[in-house]
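*Asks:* Take this structure, written in structure tokens, and hold onto it; I'll ask about it next.
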Amino acid sequence: MEVRLAKTAGFCFGVKRAVDTVYEQVKKCHDKKIYTYGPIIHNEEVVKDLKGKGVEVIDNEEELRNLTSGVVIIRSHGVAKHIHDVLEERGLQCVDATCPFVKKIHRIVEEESQNGKHIIIIGDEKHPEVQGIKGWSETEVTIIKTEEEAEKFEAPTGAEVCIVSQTTFNYNKFKYLVEIISKKSYNILVLNTICNATKERQTEAESIAKEVETMIVIGDKHSSNTQKLFEICQSACKDTYYIQTLDDLDMNQLKSVKTVGITAGASTPNNIIEEVQNNVRINF
């Protein structure tokens with residue numbers, strides 16, 4: 001069996017930086033309780049390991065307001081501006097591990113909204129990154145994920161529009177949705193804020209999926225970028241499997257397969273990728 005592992009599989013820069021930040025704080029802060037605002041990344045295995053080291057996850061603003069001490073780490077997805085304000089009000093030590101590419105979108109949205117522009121975020125409304133981006137706008141925000149939502153969009157009369165994207169959104173879908181909105185003849189500023197690493201990962205995954213019989217996509221079920229990788233790979237290769245760890249992989253499905261491709265989301269640790277790759281090679 002030929003096994004092709006994507007070079008772009010696994011932790012991206014922003015995720016590695018965020019995870020490393022938490023482990024550094026664990027080493028440094030022996031006398032302080034450490035919290036992350038939301039799971040540091042969308043990966044159960046990493047969150048479980050950090051919990052074993054005493055790191056707790058705060059799930060909402062109410063829990064944050066109840067804290068009186070400790071170190072709070074902002075996760076890679078970033079948070080709304082008012083969460084930073086709450087941290088300051090409470091006098092809590094804050095370590096900001098927001099991905100720099102997400103931070104850039106926060107600055108864009110804040111500045112363009114201050115200039116009076118209506119903000120459109122192309123992305124998933126329920127995703128924490130999108131919620132964080134929305135929280136930096138001083139004007140109305142519209143979140144668009146589907147063709148139907150793009151078709152229905154109407155800007156306030158006379159409004160200028162600024163379009164940004166969730167960093168992990170499907171690049172081709174982003175272009176398509178922007179085309180639909182652009183036909184409405186608004187004064188539009190389009191800023192493609194999809195991370196280059198995301199685009200490269202998606203392009204490479206699709207390329208491999210087109211050339212193999214079976215494709216394996218590794219990542220947490222809550223990982224947005226992994227879900228999009230799976231969609232892209234499944235379109236190119238009918239036999240595409242989405243797994244979180246080796247335990248989810250049924251080796252019997254690979255018995256008659258001669259070529260297998262493997263990719264992984266940006267929040268998938270290398271040890272999980274290597275375990276899957278090695279077991280597929282050894283068993284076949």
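The values are calculated or read from the model by the stated rules, or taken from the named source; none is laboratory data. What you see is a predicted model; the values in this text were computed from it and never measured. FYI the Cβ positions are ideal-geometry reconstructions off the backbone, even for glycines, and counts take in every protein chain you see.
*Asks:* Residue by residue through region 166-193, note down the ones that are on the phi < 0 side of the Ramachandran plot, in a loop (DSSP other than H, G, I, E, B) and not β-branched (Val, Ile, Thr).
*Replies:* First pass over region 166-193, keeping only residues on the phi < 0 side of the Ramachandran plot: 166-184, 186-193.
Checking the rest, the ones that are also in a loop (DSSP other than H, G, I, E, B) come to 166-170, 183-184, 186-187, 191-193.
Within region 166-193, GLN166, PHE169, ASN170, LYS183, LYS184, TYR186, ASN187, LEU191, ASN192 meet the criteria.
*Asks:* So, in region 194-235, exactly how many residues are touching a Phe, Trp or Tyr at 6+ places or on another chain (Cβ under 7 Å) and either part of a loop (DSSP other than H, G, I, E, B) or surrounded by fewer than 16 Cβ atoms within 10 Å (Cβ to Cβ) (or both)?
*Replies:* The total comes to 2.
*Asks:* Let me ask something else about it. Among the residues of region 136-165, how many are surrounded by fewer than 14 Cβ atoms within 10 Å (Cβ to Cβ) and either in a loop (DSSP other than H, G, I, E, B) or not assigned by TED's automatic domain parsing to the domain that holds VAL109 (or both)? So that I can check it myself, show each step before the final result.
*Replies:* Taking region 136-165 and keeping what is surrounded by fewer than 14 Cβ atoms within 10 Å (Cβ to Cβ), we get 140, 146-148, 151-152, 154, 156-158.
Filter again for either in a loop (DSSP other than H, G, I, E, B) or not assigned by TED's automatic domain parsing to the domain that holds VAL109 (or both), leaving 140, 146, 154, 156-158.
Final tally of qualifying residues: 6.
*Asks:* Go through region 93-126 and give me each residue that's farther than 18 Å from SER267 by Cβ, assigned to a helix (DSSP H, G or I) and of a type in the set (Val, Ile, Thr).
*Replies:* Those that are farther than 18 Å from SER267 by Cβ, assigned to a helix (DSSP H, G or I) and of a type in the set (Val, Ile, Thr): ILE105, ILE108, VAL109.
*Asks:* Now a separate question. Kindly evaluate LYS27 against the criterion of being within 20 Å of VAL15 (Cα to Cα) and either assigned by TED's automatic domain parsing to the domain that holds ASN170 or surrounded by fewer than 16 Cβ atoms within 10 Å (Cβ to Cβ) (or both).
*Replies:* yes
*Asks:* Further question: List pairs: first in region 19-39 and free of Cβ contacts under 8 Å to residues at least 60 places away in the same chain, second among the hydroxyl-bearing types (Ser, Thr, Tyr) and surrounded by 17 or more Cβ atoms within 10 Å (Cβ to Cβ), Cβ under 6 Å, 6+ apart or cross-chain?
*Replies:* Matching pairs, first to second residue: none at all.
*Asks:* Return the only residue of GLU125, GLU129 being out of contact with any Pro (no Cβ under 6 Å at 6 or more places or on another chain), crowded, with 23+ Cβ neighbours inside 10 Å and acidic (Asp, Glu). Don't jump to the end; show me each part of the working.
*Replies:* On the way: GLU125 fails: crowded, with 23+ Cβ neighbours inside 10 Å.
One residue alone meets the criteria, GLU129.
*Asks:* Let me ask something else about it. Just one of GLY52, GLY78, GLY91 is at pLDDT 95 or above and at positive phi; which is it? So that I can check it myself, show each step before the final result.
*Replies:* Details: GLY52 fails: at positive phi; GLY91 fails: at pLDDT 95 or above.
Checking each option against the conditions leaves just GLY78.
*Asks:* Follow-up. Looking only at region 38-92, count how many residues are part of a loop (DSSP other than H, G, I, E, B) and either closer than 23 Å to GLU138 by Cα or more than 23 Å from the chain's Cα centre (by Cα) (or both).
*Replies:* Number of matching residues: 16.
*Asks:* Considering only region 239-246, I want to know if a residue exists there that is touching a helix residue (DSSP H, G or I) at 6+ places or on another chain (Cβ under 9 Å), outside any helix (DSSP H, G or I), among the acidic types (Asp, Glu) and not assigned by TED's automatic domain parsing to the domain that holds GLU44.
*Replies:* Yes, region 239-246 has at least one match.
*Asks:* Just for region 247-284: of the residues that are part of a loop (DSSP other than H, G, I, E, B) and within 19 Å of the chain's Cα centre (by Cα), which one is surrounded by the fewest Cβ atoms within 10 Å (Cβ to Cβ)?
*Replies:* Restricting to residues being part of a loop (DSSP other than H, G, I, E, B) and within 19 Å of the chain's Cα centre (by Cα), the top hit is PRO269.
*Asks:* Given the criterion at pLDDT below 95, of a type in the set (A, V, I, L, M) and more than 11 Å from ILE122 (Cα to Cα), identify the matching residue among ALA155, ALA209, ALA205. Let's see the steps before the verdict.
*Replies:* Values: ALA209 fails: at pLDDT below 95; ALA205 fails: at pLDDT below 95.
Just one listed residue meets the conditions, ALA155.
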